[in-house]
1. From Cα pairs below 8 angstrom and at least 6 apart in sequence, can you work out the relative contact order of the chain, rounded to a whole percent?
2. Taking N as the number of residues in the range 232-304, what value does Rg over Cα atoms divided by 2.2 N^0.38 Å take?
3. In whole angstrom, how far apart do the alpha carbon centroids of the range 444-464 and the range 162-241 sit?
4. Using helices alone, I'd like the mean residue ellipticity at 222 nm for the chain: each DSSP H run of four-plus residues gives -39500 (n - 2.57), total over residue count, nearest 500.
5. Taking the Cα centre of each part, how many Å lie between the range 128-160 and the range 319-387?
6. Using the 2.2 N^0.38 Å rule of thumb for compact globular proteins, work out how the range 175-321 stacks up: its C-alpha Rg over that value, please.
7. Once the Cα gyration tensor of the range 45-93 is found, what semi-axes does its equivalent ellipsoid get, as square roots of 5 times the eigenvalues, in whole Å, sorted largest first?
8. Considering the range 109-227, what Rg and Dmax in Å follow from its alpha-carbon atoms?
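Values quoted throughout were computed directly from the atomic coordinates according to the rules given, and no laboratory measurement underlies them. These numbers come from a predicted model, not from an experiment. Cβ placement follows ideal geometry from the backbone for every residue including glycine, while neighbour counts extend to all protein chains displayed.
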């Protein structure tokens, strides 16, 4: 059961509220909400990417209990739809607002005694024999870990940098790692300049709020686990690594420990990315994994980059930040909706009655965001989640000679396949509203008796 203090909760048989602190607890809550599709039949590792792709449309978490040849279970599509954030942030009319408020809070980490873990020296082993690492797309160079939370200490301070970075399987106990973004990219450069190994701990298998926290941009010196604690409303429990002073989230299912070599770089990829296209990096460093630790009956979190899960994380954070700024400047906005599978590049904005020139100003504002490539503004009677309705508004309410804005060479996303040097892309803004135009009223179907209509619909088995 959920209560309203911005934490995930359930009640035990005595009615006592228990805070959910782990991936397992989250899966349990989703099961109670009938949001988990559990696959108990044996499944080969090679078949899982296609199954994730086909089953994700069911809008449920996917739990594979029996991965052939492995003792690890596998979970995917962890956040299958935007309404899951209403579970993560209960009893609030605006989960995005609650998320932004949570990111402003900090909760100190809570050191605890390490629970019993299975631990294996993997210096002479092959990681692919132990972990069900997936090759996601036909043209991928190798299997990739796409959910790795990497932690490493800054050599000049006691700061632990953390982030989510893709990792390419390079045979035996070696993994490539794309340390392109701060803080870990900056930390790696310090170790490389000194020609020293960079110690790291890799955590796999945490709840969605902690996972999402690791992808946020934060000021240098801020431990992202403290932000995760702010979102959860309680300090994150941490335990020490076996091989280094790096602390790691106690709730993690799987831990890999080792170091990043300063001189074992090679080409990384191609890997199919969230854009639906391959991305190859000219060179990334190599991680030498020395130890693998895991809980009993461990759960490996796999994320197919083009799946709804990746899109949900990206668009939720983007819409939260956009909403905070946009509604302050343009109070006539009633709703902001990112289109699925557009990796945050396409947005539909519903507006109240307003002067036509203000709609144009709003469009220019939206296109100034690097993430947004296409923005369409519609009236409140248009359902932004029904693309046929959005298309109807465009066809009937947009005057192309006056209502379409095209701006060249604006900053876009680096993952946009059309982005050139400097990420410059052309962007389009569309006014598909009736504001300031001589357009007839929309023909609306007469409403019947709500209860009688619902009874008839229910009798047909339709889901409305």
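1. 14
2. Here the answer is 1.43, to two decimals.
3. Going from one Cα centre to the other spans 51 Å.
4. On the way: 13 runs with 121 residues, N = 464.
Taken over the chain, the calculation gives -7500 deg cm²/dmol.
5. Taking the Cα centre of the range 319-387 as reference, the centre of the range 128-160 is 35 Å away.
6. 1.09
7. For the range 45-93, the ellipsoid semi-axes come out as 27, 13, 5 Å.
8. 15.3, 44
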